[in-house]
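Some notes on the structure that comes next.
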Amino acid sequence: MRDAVPIEFPAGYDGSVLLEQLARVLDPELDESILDLGFVRSLRLRFGQAEVALRLPTSWCAVNFAYLMAEDVRRALLSVEGIDRVTVRLGDHCAAAEIEAAVNDGRSFADAFPAEGARSLAALRLTFLRKGFLSRQERLLRDLRDAGCTPTWICALRLGEVSVQDDAIAIRQPGCAPVAGGSAAILQRYLERRVELALDCSPEAPLIIDLEGAPFSADRLQAHYEAVRTVRVALEANGSFCQALLSVQRLDAAGPSGHAK
Amino acid sequence: MYNHDGHDIFVVDGHMHFWDANPENWKNKYGESWIKCFHAFHSGLSPAEEVWPFNKFCRYGEEVLVNDLFRTGYVDMAILNSTYLYEFYKNGFNSHVQNNVIKAKHPDRFILCGSFDPRDEEAGVEAFRRMVAEYPIQGLKLYTAEWRNGSRGWRLNDPWAYKYLTLAQDKNWASRTSTCTRGPPSTR
């Protein structure tokens, strides 16, 4: 998907940092990069000014989510050295004009949409970071279980005992041979979110913790696993709606010949 | 009636609509993008052989609807909702007045739902009473995302929503068939 984005950089400009930053912007609900999701329609940089055109799955995507992504794009690109102005475009989104005017001016959502209530976007962002944490943890738990780890073992694991070896998770405990425990990418996504939420990431910290940083006992783990499973399934269900809309949009973009009959 | 293993099953379609989103009825770009968004959902979520072309999807009229539900379909009764959207469609997306034309022809097939909008405040109370008195309303569809005069919707905890619900409760049917949808179609 990234390769398909039309990019216009000044001659000789190394845009890798910029793309890296852009790739860090997530659709909060899908918990995936907007770049990988195909939401970035084009990217242009001229004289220190970046212009990013977004295309969301429909023009009726919720205003607060659209705002949040647009704002995140602006913040992400402003953090790149040499970029001093960012303009985000939202195409035919139903509130494109208001969102663009406010985001590009650095104004807050509450300021731009007072009728939407005083609920700040920061709270929404945090809610989805936390849901994403649980969803990522569920995938890790599933991987560990599939690799044969018992609840007691999982609960006893410390961060310092897990590492990445090639594409797999390697579990090393004193006096035991290393064990392969699942996908490295799943572990990395879980650890990244742990950092973002400022949860304890020291080597002694338990691998599996709740949102307050507390570890689980083996008999509490099953109930927790079932609870996070519902979070993951709910996110995936909403995600599949968005994916369905995106697939139609891609067909439309491909022209009438590509359209479903 | 639908028959399964020798048992008759009475089927109620719990949520359905007549609608007119033909281009002639679009009031602005929102009328267009709103129905396109729904068509995208329909296209993305339906098996390929069931997908309707956009022009067919734009209007779900009486003839097709009655045929789909009761003749070729196995529905016995349907709850017919009203979603007005006058800011997007010249004659509305549908209204209880339009829906009642269909209901009047098939009175035993439909449960007709009206609506209220707390943003009408006191001024809407009389209209609400009239709607209930003059039409065979048996329930409400509450569409909180309806745009009006610069507002992008309302919340159920609006004190005026409470007032209208109290009025509805007096009619003794609201709790049976009220439905509340959050759309537009975004799942968020």
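List of remarks:
- Residues of segment B:5-25 classified as part of a helix (DSSP H, G or I) and either open to solvent by less than 40 Å² (accessible area, probe 1.4 Å) or within 14 Å of chain A (Cβ to nearest Cβ) (or both), total: 1
- Index of the failed condition, B:F70 passing every other in (1) over 17 Å from the mean Cα position of the chain (by Cα); (2) within 14 Å of another protein chain (Cβ to nearest Cβ); (3) buried (at least 16 other Cβ atoms within 10 Å of the Cβ): (2)
- Looking only at segment B:1-23, residues that are free of Cβ contacts under 8 Å to residues at least 60 places away in the same chain, on the phi < 0 side of the Ramachandran plot and not aliphatic (A, V, I, L, M) come to 6 in all.
- Within segment B:40-67, if we keep just the residues that are β-branched (V, I, T) and more than 13 Å from chain A (Cβ to nearest Cβ), the residue that is surrounded by the most Cβ atoms within 10 Å (Cβ to Cβ) turns out to be B:V66.
To keep it simple, each residue is scored yes or no on (1) modelled with pLDDT under 90; (2) more than 14 Å from every other protein chain (Cβ to nearest Cβ); (3) assigned to a loop (DSSP other than H, G, I, E, B).
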| residue | (1), (2), (3) |
| --- | --- |
| B:A127 | no, yes, no |
| B:V132 | no, yes, no |
| B:R155 | yes, no, yes |
| B:Y164 | no, yes, no |
| B:L167 | yes, yes, no |
| B:R176 | yes, yes, no |
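- For beta carbons closer than 9 Å, sequence separation of 6+ or different chains, a first residue in segment A:119-145 that is among the hydroxyl-bearing types (S, T, Y) and a second that is outside any helix (DSSP H, G or I), the qualifying pairs are A:S120/A:S108; A:T127/A:P28; A:S135/A:D31.
- Per-region count, segment B:24-42, residues basic (K, R) and in contact (Cβ under 8 Å) with a residue 60 or more places away in the chain: 1
- Search result, residues across segment A:77-99 that are away from every other protein chain (no Cβ under 14 Å) and surrounded by fewer than 20 Cβ atoms within 10 Å (Cβ to Cβ): A:L78, A:S79, A:V80, A:E81, A:G82, A:I83, A:D84, A:R85, A:T87, A:R89
- Residue match in segment A:233-254 (condition: small (G, A, S), surrounded by 14 or more Cβ atoms within 10 Å (Cβ to Cβ), outside any helix (DSSP H, G or I) and over 17 Å from the mean Cα position of the chain (by Cα)): no
- Subset tally (residues that are part of a helix (DSSP H, G or I) and among the small types (G, A, S)) for segment A:91-112: 6
- Segment B:26-38, subset more than 8 Å from chain A (Cβ to nearest Cβ) and under 17 Å from the mean Cα position of the chain (by Cα), residue most open to solvent (accessible area, probe 1.4 Å): B:F38
- Scanning segment A:100-128 for residues that are away from every other protein chain (no Cβ under 13 Å) and open to solvent by 40 Å² or more (accessible area, probe 1.4 Å) yields a total of 12.
- Qualifying residue in segment A:55-66 (condition: within 14 Å of chain B (Cβ to nearest Cβ), within 16 Å of the chain's Cα centre (by Cα) and among the aromatic types (F, W, Y)): yes
- In summary, strands (runs of 3 or more DSSP E) completely within segment A:113-188 and bearing 1 or more residues that are touching a strand residue (DSSP E or B) at 6+ places or on another chain (Cβ under 9 Å) and among the polar types (S, T, N, Q) occur at A:162-165, A:179-183.
- Residue match in segment A:202-223 (condition: touching a residue at least 12 places away in the same chain (Cβ under 8 Å), open to solvent by 60 Å² or more (accessible area, probe 1.4 Å) and assigned to a loop (DSSP other than H, G, I, E, B)): yes
The values are calculated or read from the model by the stated rules, or taken from the named source; none is laboratory data. Remember, it's a predicted structure, so these values are computed and weren't measured experimentally. Using ideal geometry, Cβ is built from the backbone for each residue, glycine included, and neighbour counts are taken over all protein chains shown. What goes into the accessible areas is simple: the full protein's heavy atoms, side chains included, and nothing from ligands, DNA or RNA. Shrake-Rupley method; radii C 1.70, N 1.55, O 1.52, S 1.80 Å.
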